[in-house]
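> Quick one: the structure is below, and I'll ask about it shortly.
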Amino acid sequence: MNNTTIDYADFAEYDRRLSRIERHLVAAFLGGLLVGLVGMLISGRGPAWVGQVYEPYAYLALALAVGVTASGFGWALLTTFLAAVSTLVAAMGASAFRGDLAFDVIGGSAAGLNWMLALLVGLGLLAYVTHRDDAWGDLAAGAVGAALIADVVDRATPGFIDSEQSFWPLPALLIGLLSVVVVLVLRRNARARLRALALAAVFAGLFATGLAAFVAGWIPFAV
């Protein structure tokens, strides 16, 4: 008979990995509930810039945190989607408690809601890809920074699609600075950080140019 040796350390490591995944799922769900609930509770209260900073950037920060701490690409997809949906459910619940039940409490419209959900999941997946130490990781980090900076440009520039007069200058400068910090944190060495920042600047510049062309009517797309 052949004698087989069971390495119980492998089983223990597998069990610990499953436990981490379970805790991550629960944390993503509870984090989404908390962020959505707080967002609705502070909506319309206090200075206007508080709500402008919280939505959508608190939701985006949650997606980034969930994605970057995921155990795999599939888990990043699942947990980010779970966090986004729980955020929506909590926001709707808080809105209903205040007497205003609506499906567009996040994003401002049905299309805006769909876009926000897609953006949250996409950012979560990009955040996970930044684990890579190659050019793909730099590209993902640059795309994350570009998405944040492009949103700031859109909201801070008069005449753009989501422009808000009160968003400039303090909220815009704050979020812009934090966007750069996020890119730096997602990379692990100076060279990778420089590449990611350069990519973020290029992507954000292309987006701003395209958006300006669209607003000016040079790109004949209907919305």
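The values are calculated or read from the model by the stated rules, or taken from the named source; none is laboratory data. These numbers were taken from a predicted model, which means no experiment stands behind them. Cβ coordinates were reconstructed from backbone atoms using ideal geometry, including for glycine residues, and neighbour counts include every protein chain displayed. Just the protein is used for accessible areas: all its heavy atoms, side chains included, with ligands, DNA and RNA removed. Shrake-Rupley method; radii C 1.70, N 1.55, O 1.52, S 1.80 Å.
> How do the peptides 118-125, 10-17 rank, highest first, by the average count of neighbouring beta carbon atoms within 10 Å per residue?
Output ranking for 118-125, 10-17: 118-125, 10-17.
> Going from most exposed to least, what order do Trp49, Trp136, Trp75 have by accessible area with a 1.4 Å probe?
Trp136, Trp49, Trp75
> With a 1.4 Å probe and every protein chain kept in, tell me what percent of the accessible surface of segment 133-213 is carbon plus sulfur.
72
> Shifting gears a bit: Given axes a ≥ b ≥ c from the Cα gyration tensor, I'd like to know whether segment 133-213 is rounded (a/c under 1.5), prolate (a/b larger than b/c) or oblate.
Oblate, because a/c is 1.5 or more while a/b does not exceed b/c.
> Residue by residue through segment 8-22, which ³J(HN,Hα) values in whole Hz follow from phi under the Karplus form 6.51 cos²θ - 1.76 cosθ + 1.60 (θ = phi - 60°), with glycine and proline marked x?
Whole-Hz 3J(HN,Hα) from phi for segment 8-22: 5, 5, 5, 5, 5, 5, 4, 5, 5, 5, 4, 5, 5, 5, 4.
> Would you list Thr157, Thr130 from the most to the least accessible area, probe 1.4 Å?
Largest accessible area first, the residues go Thr157, Thr130.
> Roll a 1.4 Å probe over the protein heavy atoms and report the accessible area of Met92 in Å², nearest 10.
40
> Which order do you get for Leu77, Leu88, Leu34 if you rank them by accessible area with a 1.4 Å probe, largest at the top?
Ranking Leu77, Leu88, Leu34 by accessible area, largest first, yields Leu34, Leu77, Leu88.
> Further, regarding this structure: Placing unit charges on C-beta atoms (Lys and Arg positive, Asp and Glu negative, everything else neutral), compute the dipole magnitude of segment 133-213 about its Cα centre in debye, rounded to 20.
340
> Moving to a separate point now. What order, most packed first, do the peptides 180-187, 159-166 have when packing is the mean number of other Cβ atoms within 10 Å of each residue?
Highest-to-lowest ranking by the protection proxy: 180-187, 159-166.
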